[in-house]
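Notes for the one structure printed next.
Each reported figure results from applying straightforward, stated rules to the coordinates on display, with no laboratory input. Bear in mind that the values here come from a model prediction, so they are computed numbers and not experimental data. Backbone-built Cβ (ideal geometry, glycine too); neighbour counts: all protein chains shown.
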Amino acid sequence: MQTLRRASAPPRRYLSDTPASRKALPFSLNTLRSSEDRADQGNVLRLVMFGKPGAGKGTLSARLVKKYDIASLSTGDLLRQHIAERTEVGREAEEIVAQGKLLPDDVMLKVVASKLDHIRNKHWILDGFPRTVPQGELLDAHLKKQGTPLSLVVNLDVPDEVILSRISDRWVHLPSGRVYNVSYNPPKVDGFDDETGEPLTKRPDDNPEIFARRLTQFYASTSPLIAYYTRAAQTPTRLPRAPDRNQHPHQLAFPPAHRLLLKTLAGTTSDEIWPQLDALVRDAFPALRETAASLETRRRHSLSDAVLAADLSASTRGDS
Ligand code: ATP
Ligand code: MG
């Protein structure tokens, strides 16, 4: 009986979603179109890319950014820039990064928080942060204050032996963070960045000895975050909504619950993982828009496919 009642019960809705209230409260409807409300519905991508060092977090983030209108922040890239510019954070980070150790959580939050504030109204990806459970908690507290909680955590699952064999082949373009791999994703010109033509460099922490330490560090301090996010994904949260003077009192219904999505994507190369990641974000975040460059590339591909198909049918008909 109880089950029947539940099944036939109408879905719980905002007052402002009913036809009557749509007529009665036209101006306050705008408040429900704010980014905060879209976020509640899980439409804004706020993604933590999670995985071992060398798992392909940077490579896959770059592919998402190329295809969709998404901002991205990599703490590794940010720190390497701080080090190159010899800022206060950079001077503190240099030794720690070179040894494959982790920077203190409060320093990292400072590095990330102001950058996050700049992109709070966008879809975004975080690569390399959080790396410890306390960093995860600091991040959640910061995002909760903003009313912009995480919507997706992607756990990249790549075997250790694959990662270890990759690392000695890796070269980076420091200013942009673009990553190349001489055996599977080489630059067009050996030793130089495809986009700027500037020289590529080897990261000082990409050598077997330091890398082994980074992997150990990952298992000790970073992997417990998976349990943390598993719990978070099982617990829907309701975000406090800021009071709105224009809002009709009847509109003060419960805000919808926000639920974090946690997905593990497994593979041995980024090419293998990419289609899974692309399908995941496309399905879960339909509000994502493709970049003009990506649309143009697809238009060119479909044009050349059409030309190829026309050529093929002409040649099977025996046209010259
Ligand atoms: P990859 O670039 O292949 O994903 P990675 O994840 O080990 O490898 P980066 O994210 O580039 O490397 O980070 C490089 C180094 O910067 C880390 O080894 C660490 O010393 C420091 N670092 C980066 N992010 C953090 C963080 N959230 N907390 C503490 N230290 C960090
Ligand atoms: Mg990286």
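Compute the projected area of the convex hull of the Cα atoms of the stretch 164-204, averaged over all viewing directions, and report it in nm² to one decimal place.
2.8 nm²
Provide Rg and Dmax in Å for the stretch 34-160, with only Cα atoms included in the calculation.
14.6, 45
Collect residues whose amide H, placed 1.01 Å from N in the peptide plane, falls under 5 Å from the amide H of Arg203; neighbours closer than 5 in sequence don't count.
Val172
Can you give the FRET efficiency to the nearest 0.05 for Leu295 and Arg231, using r as the Cβ-Cβ distance and R₀ = 41 Å?
According to the calculation, E is roughly 0.55.
About its Cα centre, what dipole magnitude does the stretch 114-217 give when the only charges are +1 on Lys and Arg Cβ and -1 on Asp and Glu Cβ, stated in debye to the nearest 20?
440 debye
Sorted by packing (mean other beta-carbon atoms within 10 Å per residue), highest first, where do 109-121, 58-70 land?
Most protected by this proxy first, the peptides run 58-70, 109-121.
Test of understanding: ordering Ser221, Ser72, Ser302 by Cβ neighbours within 10 Å, fewest first, what list do you get?
Final ranking by Cβ density, sparse to dense: Ser302, Ser221, Ser72.
For the stretch 128-232, what is the Kirkwood estimate of the hydrodynamic radius, computed as the reciprocal of the mean inverse distance between distinct Cα atoms, to one decimal in Å?
16.1 Å
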